Amino acid sequence: MKGERENLNIVVVGHVDHGKSTLIGRLLYDTDSLPAGAIEKVKKISAEKGKSFEYAYLLDAFEEEQKQGITIDITMIQFFTKKRDYVIIDAPGHKEFLKNMISGAASAEAAFLLIDAKEGIQEQSKRHGYILSLLGIKKVYVLVNKMDLVDYSEERFNEIQEQFNEFLNNLNVYPEKYIPISAFNGQNITSKPSEMPWYKGDYVLECMDKIEKAKGIEEKPLRFPIQDVYKFDDRRIISGRIESGSLKAGDEIVIYPSGKTTRVKSIEAWQNKDKVDVISAGMSVGITVEDEFFNKRGEVICHKDDHVATANIFNANVFWMGKNNLERGKKYKLKIATQEVECEVFSINKIIDAASLKTNTELNYIKKNDVAEVTIKTKTPICFDAFGNIQAMGRFVIIDNYDTAGGGIISNVDDVINRQVTNIKSKNITIRKRLVSRKDREEVLGQKGKVVWFTGLPGCGKNEIAVKLEKKLFDIGKKVYYIDSANVRFGLSSDLAFSPKDSYEQTRRISEVANLFADSGTITIVTSVSRFREAREYARNVIGKENYAEVLVEASNEICKKRNPNAFSEDCDSVMDYEKSEYPVIALNINDAEFNSDKKAEAIIDLLDL
Amino acid sequence: MDHLDRLEAESIYILREAYKHFGKLGMLWSVGKDSTVMLWLAEKAFFGNCPFPLIHVDTTFKIPEMIQFRDKVAKDYNLNLIVNTNWKALEEGMGPEKGRLVCCKALKTDGLQEVVSKYEFEGLIVGVRRDEEGSRSKERVFSERNAESEWDYTDQPPELWDQFKTDFKKGNHIRIHPLLGWREIDIWEYVKRENIPVVDLYFAKNGKRYRSLGCAPCTNPIDSTASNVDEIIEELKNTKETERSGRAQDQEDAHALEKLRKYGYM
């Protein structure tokens, strides 16, 4: 069936007047892909304007484009070879229309970058090269055009190749191939070049057909951003497009950022003929789930083992196309997958002039056409992945006024502070790059860093169990550390007493310290009365739900008093009140002041699979 | 996923984005093959519950079979259909003899503008395709129009990674183009695969068929023997004639449709 044919999008970029539209016109002409009347129409228009036949007019449909002889906006042309279907995207080369070039290039899988052999490498050649790398387009072909103007000189071709490689390799861009062509004369486009016998490589059309499509997005971890939730009838349908991975009825799923877990009940379709068992990347689908808690647009459905990062502060590369500068500290709207959130540029770490690759030191705003490394802070946490891993979850746009004014790529999630960051008093800080990640440390240690948080009233037995737990884990070779909150009061918290305000602050400090230990890959045991629900929720948020295990040690007031009479001499009336958590925790019941703490410690090792 | 699956998934994604973002949303239904496919996609996107009204701008010059087909489909699928005609212009004697572009502007563009103003639509879903004609090949998926429906194609904002334009000044509206990436042959292959009803005028009778539908005085059938969907697909594989070659208004001058569209034509 014809429908199984492959489809590939190629963008054509380069400096203004280096021959992009001419190349495409030539490709269409030589492969007999033009509709009847097109040639006559262009002949007529060319004659009306007193020009010789212009292949570029085949594409530059707008009257204004033809008047000025430049492409203003992108044009998408469909075209096919024996092998597959193509969409060729003609992107404007004029600096003024950079935003249109980026629009065109953003949907491409491969790129032709044209350089005029006579004029050589120009500003936009460099800027486009850089932007292609930012957009994650790895299959870049450099076409050295207008070879007829340099007498088809191999020397000139090699010279350009050398110069441009030097520039691109600095950006970690390695073009697939350099191809010498003359689009106007049809040299090396759809056949071997008669004028360049020295060239032994493939001609343009051969190269196109040899481009291999990126595969395997279905095999990546599941990312299903919720687009909308419908209730047209008795079904509550969660709809959206699967961006990576696949899903089937019965699968256990986790919905981020909330972390709620449920199962897929059914996969829905309008007509029975469209009902399928497995849905995968690229499909626009609808599902129902077993537990119908409130879901909304922007949440991301994942499988349990390999999920998205969630944070409200992260590093990104942005390119700015707005009329107004992108200002540090100003509020903008950020859109990533189906999420929309208020954001600000928290710090600008480096601004790069995309043509000279010089670094700018003015770090308070980003001008139109600039590319910058920034730290972005969002009002609420968002879900994302590294762009190199799952593109759709690692790229975002920034809206200024009413328009998309910037695009961004999240290149790395290893350095992400996986939590909601609030109340930062320091102004000039940024997330700095590290060379060793938590994952690296955990791999070397052969364990996952986590926090076992013992909570319960004074005297309930937390410390006794924790001490045993630390010893048992240590003896089986785990890297483990016990943070005793009572001990912390001798040092880090020597300024705190037992008032509710101080109790909150004590819990905050312990959670932060425990989080650092867990980040180092250590199994971290904490004992803390932490009687306030909100304080423990804070800890759970800082440490991250998947790394935090709460163990409530419960004992009657008599037992507590018997075990630790000193604790109750503190001058605090509500000392025996305890607010239970709303989420499930591990509860250990202590019925006897002389309980067996070894057994309790072993039970925890079993339950948490430590 | 094959080629048609990918087109279908993308169009459904676009329709759902439109529905999510625009409270007052309508879909133009010209009764032609493209917008009928679009209607089908909307039924799929919303699980058989197309949640917005369809709008038909009736110039009164349409080929009668189109109107019969329109009313039958509207009844069969229980559609919420708004029909609007620019009666004022007609009473003042508007017709193709006044000049084709003038007539298109009055009966189609202005006729549409009346509906947009009356219902205060924020979003209009339109079934144009990039491969139809040059100015349509420059369209964005979400494309802004000002209060007078004018299109500023010299300064379109970038459209990156399916992040469409959903923020705009009050009074302006957004044209949504879910079929932009479809080709004529894709439409027919999809009609075949999904068994979508289309008006009989597309099928050849006595050696002629309509390839593109419009008003009777300005639309000519082409020479063809393709009397069913399979034969149309076969014909399209072998033709070099453009799809709109039977549409007289396009031939008025080299940039006719670009000029019409700048002022709000679909």
- Task: Please state the charge dipole magnitude for the range A:217-303, taken about the Cα centre, from unit charges on C-beta atoms (+1 on K and R, -1 on D and E), reported in debye and rounded to the nearest 20.
- Result: 160
- Nearest 10, in degrees from 0 to 90: the angle of helix A:20-30 to the longest Cα principal axis of chain A is 60
- May I ask you to order A:13-22, B:112-121, A:294-303 by the average number of other C-beta atoms within 10 Å around their residues, highest value first? A:13-22, A:294-303, B:112-121
- Message: Angle check, please: helix A:154-170 long axis (alpha carbons) against the longest principal axis of chain A (alpha carbons), in degrees 0 to 90, nearest 10.
- Response: 20
- Determine the gain in length on full extension of the stretch A:L607-A:L516; use 0.36 nm per residue of separation and subtract their C-alpha separation, reporting nm with one decimal. 30.4 nm
- Considering the dipole of the range A:217-303 built from charges on the beta carbon (Lys and Arg +1, Asp and Glu -1) around the Cα centre, which of A:S239, A:T262, A:G250 is farthest to its positive end? A:S239
- Message: List the lysines whose Cα sits under 21 Å from the Cα of A:K43, skipping any in the same chain fewer than 8 residues away.
- Response: A:K20, A:K51, A:K67, B:K240, B:K259
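Over all residues in A:396-407, what is the mean tally of Cβ atoms on other chains that come within 10 Å of each residue's Cβ?
Details: counts 3, 8, 1, 5, 2, 4, 8, 8, 10, 2, 2, 4.
Per residue, the number of nearby Cβ atoms from other chains is 5 on average.
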- Fraction of beta bridges assigned by DSSP in chain B that are antiparallel (%, nearest 5): 45
- Query: Across the range A:230-240, in residue order, what do the Karplus-derived ³J(HN,Hα) couplings come to in whole Hz, using 6.51 cos²θ - 1.76 cosθ + 1.60 with θ = phi - 60° and x for Gly and Pro?
  - Reply: 10, 9, 7, 9, 6, 8, 10, 9, 8, 10, x
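At a probe radius of 1.4 Å, figure out the A/B buried accessible area, summed over both chains, and give it in Å² to the nearest 100.
Details: alone 30510 and 12920 Å², together 37570 Å².
Between A and B, the summed buried area is about 5900 Å².
Which helices, taking whole DSSP H runs in chain B, have alpha carbons extending 24 angstrom or more along the helix axis plus mean Kyte-Doolittle at least 0.5? Present the calculation step by step, with values, prior to reporting the outcome.
Values: long enough: B:3-21 (28 Å, -0.67).
Both cut-offs are met by no helix.
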- Note on the structure: Of the residues A:F498, A:Y178, A:S153, the Cα lying farthest along the dipole of the protein assembly as shown towards its positive end, which is defined by charges on the beta carbon of Lys, Arg, Asp and Glu, belongs to A:F498
- Give me a single rounded figure for A:235-246: the average over its residues of other chain Cβ atoms within 10 Å of their Cβ. 2
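Note the count of lysine pairs whose C-alpha atoms are less than 16 angstrom apart in the range A:217-303, limited to pairs 8 or more residues apart or on different chains.
Final tally of qualifying lysine pairs is 7.
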- Item | Between helix A:597-608 and chain A: long-axis angle, C-alpha atoms, 0 to 90°, nearest 10 | 20
- Item | Positive-end residue of A:N188, B:W29, A:N325, charge dipole of the protein assembly as shown with Cβ unit charges | A:N325
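Using a 1.4 Å probe on the protein chains only, how many percent of the accessible area of the range A:182-223 belongs to carbon and sulfur?
On the way: 1170 of 2210 Å².
Roughly 53 percent of what the probe reaches on the range A:182-223 is carbon or sulfur.
How big is Rg to Rh over chain A, alpha-carbon atoms, Rh as the Kirkwood inverse-mean-distance radius? Mind showing how you got there, number by number?
Working: Rg = 30.8 Å, Rh = 28.3 Å.
With Rg and the Kirkwood Rh in hand, the quotient comes to 1.09.
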- Hey, what's the per residue convex hull volume over the C-alpha atoms of the range A:186-239, in cubic angstrom? 159
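Suppose every Lys and Arg Cβ carries +1 and every Asp and Glu Cβ carries -1, with no other charges. What dipole size does the range B:4-127 come out with about its Cα centre, to the nearest 20 debye?
Details: 16 positive and 17 negative charges, 8 e Å.
Roughly 40 debye for the range B:4-127.
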- Task: Distance between Cα centroids, the range A:300-329 to the range B:172-249: provide it in whole Å.
- Result: 44
- Query: So what's the projected area for the range A:439-608, the Cα convex hull averaged over all directions, in nm²?
  - Reply: 9.5
- Query: Given Cα pairs under 8 Å that are at least 6 residues apart, what percent is the relative contact order of chain A?
  - Reply: 9
- Taking every DSSP beta bridge that has both residues in the protein assembly as shown, what percent is antiparallel when rounded to the nearest 5? 60
- Answer rounded, prolate or oblate for chain B, using the Cα gyration tensor with square roots of eigenvalues a ≥ b ≥ c: rounded when a/c is under 1.5, else prolate when a/b is larger than b/c, else oblate. rounded
- Message: Can you tell me which lysines have their Cα less than 29 Å from the Cα of A:K501? Leave out same-chain residues fewer than eight positions away.
- Response: A:K377, A:K379, A:K425, A:K427, A:K450, A:K462, A:K545, A:K561, A:K562, A:K580
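Take the Cβ-Cβ distance between A:R533 and A:K215 as r, set R0 to 56 Å, and report the resulting FRET efficiency rounded to the nearest 0.05.
Working: r = 48 Å, r/R0 = 0.86.
Once rounded, the FRET efficiency stands at 0.70.
The values are calculated or read from the model by the stated rules, or taken from the named source; none is laboratory data. Everything numeric here is computed off the predicted structure, so don't read it as measured data. Note that we place each Cβ from the backbone using ideal geometry, even for glycine, and neighbour counts take in every protein chain shown. Each accessible area value is taken on the protein alone, full model and side chains, heavy atoms only, with ligands, DNA and RNA left out. Shrake-Rupley method; radii C 1.70, N 1.55, O 1.52, S 1.80 Å.
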